[in-house]
Every structure is written in structure tokens, then in C-alpha cells.
Amino acid sequence: VIPYGRHYIDEDDIEAGGRLLRTGLLTQGPAVEAFEQAVADYVGARYAVAVSSGTAALHIAGLAAGVEPGRDVVTSPITFVASANTAYYAGARAHFADIDESTVNMSPCTLEQVLHERRDIAAVIPVHFAGLVCDMPAIRQAADRADAVVIEDAAHALGSRNADGSPVGSCAHSLMTVFSFHPVKAIAAGEGGMVTTNDETVYRRLLRLRSHGINKLDDPLLLPTQASTGGLTNPWYYEMQELGFNYRITDIQCALALSQLRKLERFIRRRRELVDTYDAAFEAEPHISPAQVHGRDTSGHHLYVARIDFDAVGVSRAEVMLRLRERGIVTQVHYIPVPMHPFHRTQGAELAACPAAGAYYAQALSLPLYYGLTDEEQSFVVAALRESLDA
Ligand SMILES: Cc1ncc(COP(=O)(O)O)c(C=O)c1O
């Protein structure tokens, strides 16, 4: 079976896992900090906090950004539901700024409109869809004018760069950036996520929220008299200073992720080759084109989404996907627009407010794209797609 995405594990990764197990420190050991430091160095951020998933990273980033009841979030309609759910975890609501169809990213113009209509936005969460980086300077400017914080959802974009060359995660245009290390992402930890930031106050808050809201580093104690006995510090003392979570990641996951990180540039180079091959193959096809038509030169190429005019072809997307599945090729749709989900509809979201997202959704199909995909497999996918579009 050829899936749409797949992680790549080699002997180095397996050895790294084995070595970690022999250390006996399965969680809260040194591998977590080593991974955090490695990602911080790679992206050029001062601080990094690794957590149990990208969703957990979004949750605590939202809280650190001041999302709370009455202080809402704006995000893209074309993303995984977790980006928008960040709002609801904190008792706030999500609003959607429609995409620019040429990039499938949140459009700064529609963001301006949403921010103009609302006075209650605490955070803007642009999503670097498929690794293609959003127009961050324009988004930052709009958010600044509305006094909102920017959190980049870079679950797809480890290894991508901004138009100015700064790495995604350096937070050159945001307060925080969030990553995911789910197996279909750029590097795999099994499950895992991270928040990067250059702000020390935010960093300290993220550390507390990751672990039950308990004081970390040299956080000032709120009840210092409880911390000592007759002038001696109580060695056991700690304080839960706010409501936090157990969002810790394990050392086992971080050992794997560290080993994977060493291969990231190689992974991205191969993805880029595969993307170029798909583009060239579809050039002569009247009804197939890449969904993202500019800005891909600095993308990490997390997904290859083809835009197919199924109406013009005369075969439905469901039929095409089934035909491909019969030949062992698994395709996917990224994504069902978030406002279409029943939960978000009950919260008042409407797809009609995001017509570009609706038009994109009608034609999107993600084709297999991953480091281990061979040239032969890719040729087979292209040929099978052509045949399955035959009415
Ligand atoms: C855009 C986006 N944001 C957030 C997430 C959540 O990450 P995780 O699966 O690690 O919780 C995902 C992952 O699927 C994603 O694609």
C-alpha cells in the first residue's frame, strides 16, 4: 500500500531508542532538554518547550497568549481541527479568516476584515499549510493593530522558511510557534509537540502549564513562609501556582525525535524532488494543478495537494479515491473546512463566510508524498491517477 504520508525510521533511530532505554531515564531525563535545545538551535529561537502533542502545544500556547472566555482566536478554515479547538480549550471561541486560494493559507486581507469586525481577539493562529509559510509580516501587522498575539501553527512546517529567509520557529513574526511530531509530520516522535518563543515570561509560563502549573526554574514562590522551617529550606517543597496539565513528553520520544532531526534536511530535499516531479507530470493535464501555486520554494513540503476539477472530468472525488484505493494508493483530503464540523457549526461557524475555503475543498486531493516514496512508486501514482480520472 502506498499511503499519502509516512514516517521513515532507520537503524540510527532504532539504536537511539535502544541507547535511551539503557539509560533508565524514561521521562523527565536529559533527552527532553537535548531535543528542545536542538530544535531551538535549528530554528533560531531562544526557548523551546517540548510537550506530548502538537495539540497540547497549541493548548498551552493559547493560554500563555491570554486566550480565555471572551478573548477569542482567529485561525484558518483549512487546517486540522486542533488549530481552532485551541480557543475552546480555553473557554473562548474560534473565528475564521478565509484562505488565499493561491497559497491555501489565511489571507491577510480577510484577517483584517475579521479583526475589524471584532474587538475581542486575543490570538491569531495562522497555519503554514502543507509547509508553505504564511505572509507573516502582513499577518503580524494586522494582529498588532488589533492588539492580538500571533501563534504560528507550524505543525506542517518544521524546516520551512519565511520569505525573508528566517526559519519557521524563530518567531521572527510571532510570539510563539507550535510544532507537531506526529508520524506523518516532518520528523516523528510517535506523538509529540513543541512551542518555541523568544519571550522569557512566556517560556516560564509554558514550563509551568506543561507540568500541573507547578513552579519551575527560579519562579518566585507565592507562599514563601511554607517553604522553610526555622530558616532552613524545605527540600520537598513545591507550589502549584495555577491550573496546569501533564503534557510532558517522554525521553524515549525525544531520543527518537533527536535522531530524526538529523535527517530533516535530507527528508525535505527528497520531498522537494517529488513535488517537482508531480508538478511536471501535471503540467500538461488540463484539469489537475498543484493547489499551492506560489511560495513553495521555501516550503518544507509536508503535503502535495492536487487541485482537480472533478466536475469538468466527470468523475467524483469519492470515485477517484476508491479507484486509487483498489490499486493500493491511499489519498486523503486536507482538510474538511473546520466550520463544516458539527461541533464548530453549533458554535456558529459557517462555511459560507469562507467561500475560497469551500471552493478549494471541492477540488483538493492529497497525493502520496514522503521521504521513502520511490520514483517508481510515484510514476505508478501519476499513471493510476490519470487512469482513475477517466470517465
Ligand atoms: C495544522 C495542524 N495543527 C495541529 C495539529 C495537531 O498536532 P498533533 O497531532 O501532534 O496533536 C496537526 C496535526 O495533525 C495539524 O495538522
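The values are calculated or read from the model by the stated rules, or taken from the named source; none is laboratory data. Just so you know, these numbers come straight off a predicted model, no measurement behind them. Neighbour counts run over all protein chains shown; Cβ positions are idealised from the backbone, glycine included.
Of the strands (runs of 3 or more DSSP E) lying entirely inside region 65-149, the ones with 3 or more residues being more than 16 Å from Pro337 (Cα to Cα) are found at 121-125.
Number of residues in region 171-213 that are more than 27 Å from Gln28 (Cβ to Cβ) and of a type in the set (Ser, Thr, Tyr): the value is 1.
Considered as a group, the residues in region 192-202 that are over 14 Å from Leu58 (Cα atoms) and touching a residue at least 24 places away in the same chain (Cβ under 8 Å) include one that is farthest from the ligand (Cβ to nearest atom), and that residue is Glu200. Output the residue which, of all residues in region 170-184 that are within 14 Å of the ligand (Cβ to nearest atom), at pLDDT 95 or above and not in a strand (DSSP E or B), is surrounded by the fewest Cβ atoms within 10 Å (Cβ to Cβ). Residue satisfying both the conditions and the ranking: His182. Screening Glu283 on (1) surrounded by 15 or more Cβ atoms within 10 Å (Cβ to Cβ); (2) among the charged types (D, E, K, R); (3) over 27 Å from Pro183 (Cα atoms) shows it passes everything except condition (1). Go through region 149-164 and give me each residue that's more than 13 Å from the ligand (Cβ to nearest atom) and in contact (Cβ under 8 Å) with a residue 60 or more places away in the chain. Once the filter is applied, which keeps residues that are more than 13 Å from the ligand (Cβ to nearest atom) and in contact (Cβ under 8 Å) with a residue 60 or more places away in the chain, region 149-164 yields Val149, Gly159, Arg161, Asn162, Ala163. The residue that is surrounded by the most Cβ atoms within 10 Å (Cβ to Cβ), counting only those in region 1-33 that are among the small types (Gly, Ala, Ser) and assigned to a helix (DSSP H, G or I), is Ala31. Residue-level check: of (1) in contact (Cβ under 8 Å) with a residue 60 or more places away in the chain; (2) outside any strand (DSSP E or B); (3) within 16 Å of the ligand (Cβ to nearest atom), Arg205 misses just (3).
This table checks each residue for (1) more than 15 Å from the ligand (Cβ to nearest atom); (2) in contact with a Gly (Cβ under 8 Å, 6 or more places away or on another chain); (3) touching a residue at least 60 places away in the same chain (Cβ under 8 Å).
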| site | (1), (2), (3) |
| --- | --- |
| Tyr42 | yes, yes, yes |
| Val51 | no, yes, yes |
| Gly62 | no, no, yes |
| Gly66 | yes, no, yes |
| Gly70 | yes, no, no |
| Pro77 | no, no, yes |
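For every residue, the table says whether it meets (1) touching a residue at least 40 places away in the same chain (Cβ under 8 Å); (2) away from the ligand (no atom under 16 Å from the Cβ); (3) surrounded by 15 or more Cβ atoms within 10 Å (Cβ to Cβ).
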| position | (1), (2), (3) |
| --- | --- |
| Ser299 | yes, no, yes |
| Ala306 | yes, yes, yes |
| Val315 | yes, yes, yes |
| Gly328 | yes, yes, no |
| Gln332 | yes, no, yes |
